[in-house]
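The values are calculated or read from the model by the stated rules, or taken from the named source; none is laboratory data. Only a predicted model underlies this, so the values are computations on that prediction, with no experimental measurement involved. Because the Cβ atoms are built from the backbone with ideal geometry, glycine has one as well, and the counts that use them run over all protein chains shown.
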Amino acid sequence: MSKRALVWGANGGIGRALVHELLTQGWQVVAVARHFDRPAKSGEVQIEADVCDAAGVQAAVLSAAQEVGEIDLWVYTVGDIQITKVQELAPATWERIVAANLTGAYLTTHYSRPLLATQAHLFYLGAVSERLKLPGFAAYVAAKAGLEAFVEVLVKEERELKVTLIRPGAVNTSFWRKVPLRMPKNALEPAEVIQRILAAYHEGRTGSLYVGS
């Protein structure tokens with residue numbers, strides 16, 4: 001039987017690359033995104049849902065259960081960013097950034113728990129947030145720091161599961177266009193991040209994992 005994966009944020013740069021690689025390797029993949037701009041591939045189930053909406057997440061998990069049953073690999077790649085100084089940062093913007101990077105991670109984890117196979121491995125896409133404590137980054141850095149704390153606690157709560165926080169440096173995706181900084185010359189390609197995720201999965205590596213060039 002092929003392995004089964006659930007990828008949240010499957011239409012983003014890293015999520016899309018992960019889905020493609022898993023399908024290439026023969027996995028069954030449930031891909032979740034707010035919207036899809038491509039048809040599903042062989043072995044892929046596409047589900048549209050907003051990770052910040054509890055009812056939508058719950059419905060997505062129920063659909064996934066009906067399609068593939070238990071999940072072996074679970075990956076949260078959703079993220080959002082807006083660079084605005086605190087004084088100009090609207091409450092709605094703060095809520096949007098925190099919801100995508102942190103609240104969505106909680107909601108998807110909470111509702112996915114009954115779907116996870118014994119010894120399932122969960123991955124969360126974090127950031128090297130200590131390098132991003134710069135003017136305008138308050139919402140994003142706070143959310144990613146919160147995600148890191150969330151994962152640290154989850155590791156202690158879920159002893160049967162494997163839980164890993166991936167902390168990549170700059171990655172060459174469209175996400176970077178929202179950042180008013182020049183992309184580093186040594187920025188990672190999505191495929192490099194994907195290979196580290198899959199290597200950690202096969203090795204059973206847990207905890208925090210820095211991925212840089």
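Look at the stretch 192-213: where a residue is closer than 22 Å to residue 157 by Cα and of a type in the set (Lys, Arg) and a partner is surrounded by 14 or more Cβ atoms within 10 Å (Cβ to Cβ) and modelled with pLDDT of 95 or more, sitting 6+ places away or on another chain with Cβ atoms under 7 Å, you get 205/164. Among the residues of the stretch 44-57, is any in contact with a Leu (Cβ under 8 Å, 6 or more places away or on another chain), among the small types (Gly, Ala, Ser), surrounded by fewer than 19 Cβ atoms within 10 Å (Cβ to Cβ) and more than 24 Å from residue 155 (Cβ to Cβ)? No, the stretch 44-57 contains no residue that is in contact with a Leu (Cβ under 8 Å, 6 or more places away or on another chain), among the small types (Gly, Ala, Ser), surrounded by fewer than 19 Cβ atoms within 10 Å (Cβ to Cβ) and more than 24 Å from residue 155 (Cβ to Cβ). Out of all the residues in the stretch 125-136, is one or more part of a helix (DSSP H, G or I) and crowded, with 21+ Cβ neighbours inside 10 Å? Within the stretch 125-136, not a single residue is part of a helix (DSSP H, G or I) and crowded, with 21+ Cβ neighbours inside 10 Å. Going through (1) in a helix (DSSP H, G or I); (2) at pLDDT below 95; (3) surrounded by 13 or more Cβ atoms within 10 Å (Cβ to Cβ) one by one, residue 99 falls short only on (2). Can you find even one residue in the stretch 115-133 that is of a type in the set (D, E, K, R) and modelled with pLDDT of 90 or more? Among the residues of the stretch 115-133, not one is of a type in the set (D, E, K, R) and modelled with pLDDT of 90 or more, which makes the answer no.
Listed residues 151, 78; which is within 15 Å of the chain's Cα centre (by Cα), within 20 Å of residue 57 (Cα to Cα) and part of a helix (DSSP H, G or I)? It is 151.
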